[in-house]
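Notes follow once the structure below has been shown.
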Amino acid sequence: MAINLLKTVLLLIFLTVSFFSFSQENEKIVIVIIDGARYTETFGDPTHTYTPKMWELAEEGAMIDNFYNDNFTYTSRAIPALWCGAWTDVHDTIYQGHETNYAVLPSIFEYYRKQKIVPAEDCYYVLKEIESLWLPSFDVDYGPEYWPAFHSVGETDEEVAEQALQVMEDHHPHFLWVYFADVDHEGHSGIWSNYIEAIHIADSLVDVLWNAIQSDPFYADATTMIVTNDHGRHDDEHGGFQGHGCGCEGCRHIELLAIGPHIKENYISQQNRYIPDMAVTASYLAGINPEKATGHVMMEILTINGTDNNIKPTIALKGNSPNPFNRSTVINYTLSNNSFVTITIRDFAGKIIRTLINEKQPAGERSVLWDGTDDRRQKVPSGIYIYSLQTEKHSISGKMVFIPEL
Ligand SMILES: [Zn+2]
Ligand SMILES: [Zn+2]
């Protein structure tokens with residue numbers, strides 16, 4: 001009974017952990033989605049036949065060779081996952097008289113607008129004319145108030161690109177999302193030459209967008225562009241390019257190209273990465289916290305180190321789980337550069353009761369387990385504990401609740 005009361009009290013006063021990431025004030029983000037291009041026709045093609053422009057751009061940026069759709073290989077689920085940095089549920093709804101659906105988790109647009117405190121004009125979603133748009137979330141902490149400005153005009157990818165250029169010129173959004181639909185549409189036609197032509201066009205439009213970015217003083221040298229797909233298409237053993245939707249290599253393997261001031265140049269990463277990692281990485285570059293996302297920052301393609309004065313080397317605390325905990329818990333954190341790291345646990349009175357880490361660690365995603373014992377390996381009593389991460393320049397902390405099993 002006393003334990004239950006304690007549990008309730010502790011839960012009531014339980015505070016969420018703080019999250020810090022570096023923020024490059026003027027960083028602009030442009031994300032381009034090419035729907036349904038199969039990897040074998042994009043970066044998987046060593047002859048570069050269908051995507052010559054993106055191959056050229058890749059020399060100035062980074063490519064992820066093993067980028068995958070790791071769940072639903074169709075658009076209605078994969079696009080929301082790209083938005084949300086997580087595989088979100090999607091619910092049906094009627095919005096402004098149209099049947100449509102919405103993502104349950106908040107999207108990068110909502111994180112961006114709420115955390116940056118910017119109007120919709122600073123966050124544009126450009127796509128072809130669609131009567132009933134798929135919607136971002138109605139999350140209590142985010143929702144419609146923070147949706148992007150939807151600019152749904154035109155029919156073809158060329159027209160969508162033209163509209164994107166116009167939006168950039170008219171509004172100069174810091175965050176721009178461009179969606180090209182034609183490759184998937186032509187793929188479903190089953191006519192190879194149409195499919196290939198659509199890829200070729202999308203490839204050249206990516207180049208047009210990048211050139212526009214680099215020739216506008218607002219965007220030039222201050223913009224990261226990420227190009228990726230929502231899904232691939234069946235490989236020949238699973239039905240061929242006409243369809244998609246299964247778990248075959250063709251459906252799963254997609255491209256990811258990133259280019260910008262904090263992206264490595266002429267770099268091909270072999271690390272496996274997945275759809276949720278895209279928005280989480282874009283958030284990291286924009287200096288926002290996608291708090292309900294599950295993806296990871298793709299540190300391996302970033303040039304974040306102590307010599308870059310625009311970006312302060314930091315640690316990003318991703319919280320601990322489980323919390324509250326009764327046996328052990330894991331503290332997750334990201335180091336954006338090699339750092340000497342100290343992780344300590346304090347009791348609520350502020351006394352250090354355990355030092356978990358005190359060593360130089362390489363950049364990347366890390367975690368450490370705490371089993372609820374002090375430096376003498378004695379179980380500590382139930383209560384609130386504070387974990388602190390310190391590097392040479394930064395210190396962050398979070399609270400957790402330990403309720404040992406009786
Ligand atoms: Zn399709
Ligand atoms: Zn397939």
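For Tyr195, the stated conditions hold: it is in contact with a helix residue (DSSP H, G or I) (Cβ under 9 Å, 6 or more places away or on another chain), among the aromatic types (Phe, Trp, Tyr), assigned to a helix (DSSP H, G or I) and within 16 Å of ligand 2 (Cβ to nearest atom).
The rows are residues; the columns are (1) over 17 Å from Asn69 (Cα atoms); (2) in the same structural domain as Ala198 (by TED's automatic domain parsing); (3) more than 8 Å from ligand 2 (Cβ to nearest atom).
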| position | (1), (2), (3) |
| --- | --- |
| Thr228 | no, yes, yes |
| His231 | no, yes, yes |
| Glu237 | yes, yes, yes |
| Gly245 | no, yes, no |
| Cys248 | no, yes, no |
| His253 | no, yes, yes |
| Leu257 | no, yes, yes |
| Gly260 | yes, yes, yes |
| Ile263 | yes, yes, yes |
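Which residues, counting only those in the range 311-333, are of a type in the set (Val, Ile, Thr) and either at pLDDT below 85 or not assigned by TED's automatic domain parsing to the domain that holds Val368 (or both)? Result: Ile311, Thr314, Ile315. More than 23 Å from the chain's Cα centre (by Cα) and part of a strand (DSSP E or B) - does that describe any residue in the range 138-151? For the range 138-151, residues more than 23 Å from the chain's Cα centre (by Cα) and part of a strand (DSSP E or B): absent.
For the range 217-224, the count of residues that are in a helix (DSSP H, G or I) and either in contact with a Ser or Thr (Cβ under 8 Å, 6 or more places away or on another chain) or crowded, with 16+ Cβ neighbours inside 10 Å (or both) is zero.
This table checks each residue for (1) within 11 Å of ligand 1 (Cβ to nearest atom); (2) surrounded by fewer than 17 Cβ atoms within 10 Å (Cβ to Cβ).
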| residue | (1), (2) |
| --- | --- |
| His188 | yes, yes |
| Leu205 | no, no |
| Asn211 | no, yes |
| Asp230 | yes, no |
| Asp235 | no, no |
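Taken together, the residues in the range 237-258 that are of a type in the set (Gly, Ala, Ser), within 15 Å of ligand 1 (Cβ to nearest atom) and part of a loop (DSSP other than H, G, I, E, B) amount to 4. Could you list all residues from the range 342-395 that are surrounded by 11 or more Cβ atoms within 10 Å (Cβ to Cβ), assigned to a loop (DSSP other than H, G, I, E, B) and hydrophobic (A, V, I, L, M, F, W, C)? Ala363, Val380, listed by residue number. Within the range 59-73, being out of contact with any strand residue (DSSP E or B) (no Cβ under 8 Å at 6 or more places or on another chain) and of a type in the set (Phe, Trp, Tyr) holds for one residue alone: Phe72.
Within the set Lys264, Lys292, Lys318, the sole residue that is under 25 Å from Arg113 (Cβ atoms), in contact (Cβ under 8 Å) with a residue 60 or more places away in the chain, charged (D, E, K, R) and touching a helix residue (DSSP H, G or I) at 6+ places or on another chain (Cβ under 9 Å) turns out to be Lys292. Annotation for the range 71-89: no member residue is surrounded by fewer than 17 Cβ atoms within 10 Å (Cβ to Cβ) and either modelled with pLDDT under 95 or not assigned by TED's automatic domain parsing to the domain that holds Ile226 (or both). Assess whether Asn272 counts as being more than 22 Å from Glu159 (Cα to Cα), under 21 Å from the mean Cα position of the chain (by Cα) and either in contact (Cβ under 8 Å) with a residue 40 or more places away in the chain or surrounded by fewer than 23 Cβ atoms within 10 Å (Cβ to Cβ) (or both). Taking the combined requirement at face value, the residue satisfies it. Is the range 164-173 home to any residue that is within 24 Å of Ile29 (Cα to Cα) and touching a Cys at 6+ places or on another chain (Cβ under 8 Å)? There is at least one residue in the range 164-173 that is within 24 Å of Ile29 (Cα to Cα) and touching a Cys at 6+ places or on another chain (Cβ under 8 Å). If you scan the range 164-191, which residues turn out to be more than 16 Å from ligand 2 (Cβ to nearest atom) and not in a helix (DSSP H, G or I)? Within the range 164-191, His172, Pro173, His174, Phe175, Leu176, Trp177, Val178, Tyr179, Phe180, Ala181, Ile191 meet the criteria.
The values are calculated or read from the model by the stated rules, or taken from the named source; none is laboratory data. Not measured: the values here are computed from a predicted model. In this analysis, Cβ positions are derived from the backbone assuming ideal geometry, glycine residues included, and neighbour counts consider all displayed protein chains.
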